[in-house]
Amino acid sequence: MKSIRLVLIHLFITSLVGAQDRAINPLIHADVPDVSMIRVGETYYMSSTTMHMSPGVPIMKSTDLVNWELVSYAYDTLADIDATNLENGENMYGRGSWASCLRYVDGTYYLSTFSATDGKTLIFTTSDIENEPWERHSFEPSLHDNSFFIDDDGKMYLIWGGGELKIAEIKPDLSGVVPGTERVLIENAHAPIKDPIMLPAEGSQLFKVDGKYYLFNIAWPKGGMRTVIIHRADKITGPWEGRVALQDKGVAQGGLIDTPDGRWFSFLFRDNGAVGRIPYLVPVEWKEGWPVLGENGKVPMELDLPANKSLIPGIVASDDFKRKKGDADLPLVWQWNHNPDNDNWKINGKKGYLSLTTGRVDQDILNSRNILTQRTIGPVCTGSTAIDVSKMKERDRSGLILLQKKYGWVGVKYEKGQKYLVMEGVFGELPEEKERVKLDQDQVYLKAIANFLDRKDEAQFFYSLDGKNWKPIGGTLKMAYTLPHFMGYRFGLFNYATKEKGGVVNFDYFQISDQIDE
């Protein structure tokens, strides 16, 4: 712990000396991938991907391009099927809704996305992105990584695909593709990369600047890194000419945004280990009609923008579960792992606790309902909670999890009339209980620490009987970003049954910190 603390002190002092008044990359040190961004007047809005989480497609707001806060979601639930509900052995881990595209035209906000889970393309609309619900429009098939675009003549288009990119006009009522308009836009969009390709060009985002069309894509050459490709055309129908626009640190996939004072940036993301895919801003200069990304082709670590101060509470936040009249039961920082079972959770806003009731019997935590989650954040973070386990039932499990395929959790198991404090996790291929301690009281405090510094990606777990004196349990978990889940680690609060339903656990609070708290 001392070595970690010294490193963090050094980073803190460095930031005070060099960057206290300037933004630093990454823009948000948390899992905010597949970013799409717009500016409306002096306000910026951004959408991202949260896949199997509900509600889904988070919308964030900023007035300076750096400090963001969650303001809404495109939908409460993606669909009502077995996969979204974690029923009959089905799930949507690593699926759900992917890469969205956010646009604003003539007083209406548009957001397009797609879902391989139910095979649909989705377009949402609203006139008030912060206060009104989105209206859903959907049609088949599911168009991969689509970019929504409205041209100056009012015609609407979707561009989609990987490698071979296609375009089609969309019906005015957003109910589907106009028959006969689908065609190949660019046959081989990653051709500007001369090396053999591992990931064909995808992640399309289309922009129009000074009468020209600019199409952003990401591709990944074998043995190389994620790369930004830009194609340019005078007409949306082409012909298109392309070039490699950025190849540095694997920062890629995104598009263009301008500021009210005329500056330009590119918003992109980077794979950053177990914390997830994290967004970056890269300055842009225009040369001979092309956007030129970076500083001498590199991603700068400092930006001439205000300092980053919004991670807490804009993206994640502590919660004492106390509510005033008119407050939402759950602030926007919370998302459920898959669709929630709304009959088996509640917030007691007056007394200040979250109550989770087991609504069915499950044999493993990844297939259990009602795991309430928040992102982890880097470079380090701590999540903690206190639980009342007096109403657990035989063979129930409850606690605090760091959620991914290779998860780890600390909490309580009730077996043969006795409660135990345990740490369980996936240290190899299968989950295993690493340690247990007999528990003879109904209130217990739990803590999980995640260390993402320099991609160390290690987690440790602790418990306390009084909320003051903490003891480690279970050893160190090596966290890993896995494609089956396709998401950075999340803190989660859970309670599930393995024998009979009806057990209840109350969570007194959730506390998150950007430090390592022993």
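The values are calculated or read from the model by the stated rules, or taken from the named source; none is laboratory data. Predicted, not measured: the structure shown is a model, and the values here were computed from it. With ideal geometry, Cβ positions are generated from the backbone for all residues, glycine too; neighbour counts draw on all protein chains shown. Calculation scope for accessible area: heavy atoms of the full protein, side chains included, ligands and nucleic acids excluded. Shrake-Rupley method; radii C 1.70, N 1.55, O 1.52, S 1.80 Å.
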**Prompt:** Restricting the search to the stretch 226-243, which residues are more than 22 Å from SER36 (Cβ to Cβ) and open to solvent by less than 70 Å² (accessible area, probe 1.4 Å)?
**Reply:** GLY238
**Message:** Suppose we keep only residues that are outside any strand (DSSP E or B) and out of contact with any Phe, Trp or Tyr (no Cβ under 7 Å at 6 or more places or on another chain) within the stretch 136-150. Which one would you say is least open to solvent (accessible area, probe 1.4 Å)?
**Reply:** PRO141
**Message:** Looking at the stretch 62-76, I want the residues that are hydroxyl-bearing (Ser, Thr, Tyr) and have a partner that is part of a loop (DSSP other than H, G, I, E, B) and buried (at least 18 other Cβ atoms within 10 Å of the Cβ) with Cβ atoms under 7 Å, at least 6 apart or on another chain. Which pairs are those?
**Reply:** SER62/TRP68; SER72/ILE129; TYR73/PRO55; TYR75/PRO55; TYR75/TRP134
**Request:** State whether the residues of the stretch 386-397 include one that is surrounded by 23 or more Cβ atoms within 10 Å (Cβ to Cβ), among the small types (Gly, Ala, Ser) and in a strand (DSSP E or B).
**Result:** no
**Item:** Candidate set: the stretch 69-92, residues that are assigned to a loop (DSSP other than H, G, I, E, B) and touching a Leu at 6+ places or on another chain (Cβ under 8 Å); chosen: the one nearest to ALA23 (Cα to Cα)
**Value:** MET92
**Item:** Residues within the stretch 403-430 that are more than 25 Å from HIS52 (Cβ to Cβ) and assigned to a loop (DSSP other than H, G, I, E, B), tallied
**Value:** 2
**Message:** Looking at the structure I just gave you, is GLY492 under 22 Å from ASP341 (Cα atoms) and either modelled with pLDDT of 95 or more or touching a helix residue (DSSP H, G or I) at 6+ places or on another chain (Cβ under 9 Å) (or both)?
**Reply:** yes
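VAL444 - would you say it is more than 20 Å from TYR489 (Cα to Cα), assigned to a strand (DSSP E or B) and over 32 Å from the mean Cα position of the chain (by Cα)?
no
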**Request:** Please work out which one of (1) out of contact with any Cys (no Cβ under 6 Å at 6 or more places or on another chain); (2) open to solvent by 10 Å² or more (accessible area, probe 1.4 Å); (3) within 29 Å of ARG277 (Cα to Cα) is the condition ILE449 fails and give its number.
**Result:** (2)
**Prompt:** Mind checking whether some residue in the stretch 481-489 is open to solvent by 60 Å² or more (accessible area, probe 1.4 Å), in contact (Cβ under 8 Å) with a residue 60 or more places away in the chain, over 25 Å from LEU439 (Cβ atoms) and not in a strand (DSSP E or B)?
**Reply:** yes
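Applying the selection to the stretch 295-305, what residues are open to solvent by 50 Å² or more (accessible area, probe 1.4 Å) and either more than 23 Å from the chain's Cα centre (by Cα) or among the β-branched types (Val, Ile, Thr) (or both)?
GLU295, ASN296, LYS298, GLU302, ASP304
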**Request:** Just name the residue that is farthest from PHE149 (Cα to Cα) out of those in the stretch 116-125 that are modelled with pLDDT of 95 or more and surrounded by fewer than 22 Cβ atoms within 10 Å (Cβ to Cβ).
**Result:** GLY119
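When you go through GLY211, GLY203 one by one, which is the residue that is on the phi > 0 side of the Ramachandran plot, crowded, with 24+ Cβ neighbours inside 10 Å and not charged (D, E, K, R)?
GLY203
Please indicate, with yes or no, whether at least one residue in the stretch 459-480 is open to solvent by 10 Å² or more (accessible area, probe 1.4 Å), of a type in the set (Lys, Arg) and more than 22 Å from ASN337 (Cα to Cα). Explain how you work it out, then say what you get.
Taking the stretch 459-480 first, the residues open to solvent by 10 Å² or more (accessible area, probe 1.4 Å) are 460, 462-463, 465-472, 474-476, 478, 480.
Now drop any that are not of a type in the set (Lys, Arg), which leaves 468, 471, 478.
After this cut, where a residue has to be more than 22 Å from ASN337 (Cα to Cα) as well, the list is 468, 471.
Yes; the residues of the stretch 459-480 include at least one that is open to solvent by 10 Å² or more (accessible area, probe 1.4 Å), of a type in the set (Lys, Arg) and more than 22 Å from ASN337 (Cα to Cα).
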**Item:** Selected residue (criterion: modelled with the lowest pLDDT) from residues of the stretch 495-518 that are farther than 27 Å from THR50 by Cα and assigned to a loop (DSSP other than H, G, I, E, B)
**Value:** GLU518
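Conditions (1) more than 19 Å from GLY378 (Cα to Cα); (2) not β-branched (Val, Ile, Thr), marked per residue:
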| residue | (1), (2) |
| --- | --- |
| LYS222 | yes, yes |
| ILE229 | yes, no |
| VAL244 | yes, no |
| GLU288 | yes, yes |
| ASN308 | no, yes |
| GLY314 | no, yes |
**Asked** Got at least one residue in the stretch 91-99 being in contact with an Asp or Glu (Cβ under 6 Å, 6 or more places away or on another chain) and in contact (Cβ under 8 Å) with a residue 60 or more places away in the chain?
**Response** yes
